[in-house]
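Where a number appears in this text, it was derived from the coordinates with a stated rule and is not lab data. This one's a predicted model, so the numbers in the text were calculated from it and none came from an experiment. All Cβ positions, even for glycine, are placed from backbone atoms using ideal geometry, and neighbour counts span all protein chains on display.
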Amino acid sequence: MATPTAAPRTRDLVRDHRTQRILLRADAEAYRLCWEFVTSDDGSLTGAWAARVDETVRRWEDAGLAFPKARTAVQQALCRVADTLAGSPTSALPQQLRKILDVGPHLLQRVMYTYHPARRAYFASPPAAGRSSALALLGNGFERGDTAAGIYDAVAIQLAPPADHTATHSARTTAMRRLLRELRVFHDTVLPIVADTAGTLLIPVHADESGDLLERSLAVSAGLAAVSFTAVAVRATAAQVPQARQHAHQLLDLVERLDRGPGLYRLGDLAIEYQLTRPGLARELLAAVIDPLDGHPELLDALAHYIDTGAVAAYAAHELGIHPATLTRRLVRIRELTGLEPACLLDRYRLQAALILRREASPDRRERLPHR
């Protein structure tokens, strides 16, 4: 009687045999392509030969050959061609070896583009040519040349993670490149210092541009690039750019801690929140306003929803999934514990400020506050 593992083992053997057969065919085809190019009189890396390369590599991909194995097949083929030519040298050997050096990077690039089409757009988009100018503005010892404008928007930006959590590194990087490419349509100069999904953009501000140009251009560019972003812009002179960049990233960190949501923010949008987070006795006293609610998560939840819905009890109760009368009883209890009336505008401002401080506080305190 066959063991239960016999069938899987048979499938593994069949799969291994098929993979080996595909790999052997890829080795032979890669060698033939490299040999034809190196020994031909035509030194062009385009045209019919390039079309055959693309067709061959697509066939490998369709057959299930993984990209690393395809790349290795090409690399080994180039080495075997060089060994063959060196074994029977002719007067054309120096030129042939030079052609091997020329075709190697080009051939490997075509293989990569076939397996990862998105990378073609990545390399085709304008490189971060403004990086050296951006670093110069930040005072890292580069020559500024003609790039230093009078006023800049220092933009700290963070892209939202892709909906597909299995997205590759190249896909995340391409998202930032797509955004930069679209943004350059609206702004003559964009000086980026960016990683895969975050970084700094330095954008010159012209005297005749509208005040909301950056907000509109970022929103449109993000839509065309199919990305979501959270960003903070701080306007400064060229000499103040290093401080503006640091300030922008501090504000971006505050926006994320307060869970304000995506979009572009400026200091005016965060003035109260930013000032509240500055250290001092007043900050500590204000934060202590809702300390009596510690140990009552249902009261903190009710207060947060009540304030976030504009003090409309019916809406808050609906979001909480409770009866309006239950919310009313909780608001009364909040008044009894804190001495502040949530329905009173001035008292509500103090309670809201305390909530902001609680959200911005250390992680162990934030755990007690509903994440909004």
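From least to most packed, judged by other beta carbons within 10 angstrom and beginning with the fewest, L258, L293, L264 follow the order L258, L264, L293. The length gained on full extension between T84 and L97, counted as 0.36 nm times the residue separation minus their Cα-Cα distance, comes to 3.6 nm. Distant-in-sequence amide contacts of V205, defined by a placed amide H-H separation under 5 Å and a gap of 5 or more residues or a different chain, comprise I151, Y152, D153. Set the Förster distance to 41 Å, then compute FRET efficiency between A325 and Y274 from the Cβ-Cβ distance, nearest 0.05. The formula returns an efficiency of 0.60 here.
Ordered by the number of other Cβ atoms lying within 10 Å of each residue's own Cβ, fewest first, T338, T326 fall into the sequence T326, T338. For the pair L108 and V312, label points projected 7 Å from Cα toward Cβ lie 6.1 nm apart.
Per-residue extension of 0.36 nm, minus the Cα-Cα distance of D208 and K69, leaves a gain of 44.5 nm for this segment. A Förster radius of 25 Å, combined with the Cβ-Cβ distance separating R25 from A195, puts the computed FRET efficiency at roughly 0.05.
Grab the Cα-Cα distance for R350 and A50, subtract it from 0.36 nm times how many residues apart they are, and report the gain in nm with one decimal.
101.1 nm
Taken one residue at a time, the phi angles of the stretch 62-77 give Karplus couplings (6.51, -1.76, 1.60, θ = phi - 60°) of 4, 7, x, 6, 5, 4, x, 6, 5, 5, 5, 4, 5, 4, 5, 5 Hz. Gly and Pro are set to x. Between Q240 and A219, the distance separating the two model label sites (each 7 Å from Cα on the Cα→Cβ line) works out to 2.6 nm.
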